[in-house]
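Worksheet: the structure to be examined is printed underneath.
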Amino acid sequence: MQQLNFNKNRRKPVIKPKLGTGADNIEETGFMEKERKAWLYIHRILSHVTEDDIKAYIQNKLGFGTVKIEVQELQFERRKGELKSLLVKVPLEKKEQIYGSAFWPRNVGFQRFNQVL
């Protein structure tokens, strides 16, 4: 009887990026960190809603008063009509709030955005 050998495909180890934790003075070093952001893809938005409407909606929620929010409309060739999709960027510390289903109006779809622009 012939013995069969099976080799398992091994996954490559995931290398996590190393981030500095030092508290250097910006005036001395001349450079500073970039603010980390949470990216959110929202869809099923009516076409008459603007980017400024979305910004105003988010800033009117509790705790978002002076937070810098970026909203960008995403264009899809094959999907034109009465609905649109948007990309929302907020500071990372607001991630838990903005990813909650109670934050968004009924029937607005949302999910984490993990594509390359």
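Numbers for the structure displayed
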read-out	value
VAL108 being surrounded by 13 or more Cβ atoms within 10 Å (Cβ to Cβ), under 19 Å from LYS34 (Cβ atoms) and out of contact with any Asp or Glu (no Cβ under 7 Å at 6 or more places or on another chain)	no
Selection within segment 58-117 - closer than 14 Å to ILE42 by Cα, among the polar types (S, T, N, Q) and either modelled with pLDDT under 90 or more than 17 Å from the chain's Cα centre (by Cα) (or both)	GLN75, ASN107, ASN114, GLN115
PHE6 vs. criteria in a loop (DSSP other than H, G, I, E, B), loosely packed, with under 15 Cβ neighbours inside 10 Å, among the aromatic types (Phe, Trp, Tyr) and at pLDDT below 90	yes
Any hit, segment 70-82, residues being basic (Lys, Arg), farther than 29 Å from GLU33 by Cβ and exposed (fewer than 10 other Cβ atoms within 10 Å of the Cβ)	yes
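The values are calculated or read from the model by the stated rules, or taken from the named source; none is laboratory data. None of these values were measured; they are calculated from a predicted model. FYI the Cβ positions are ideal-geometry reconstructions off the backbone, even for glycines, and counts take in every protein chain you see.
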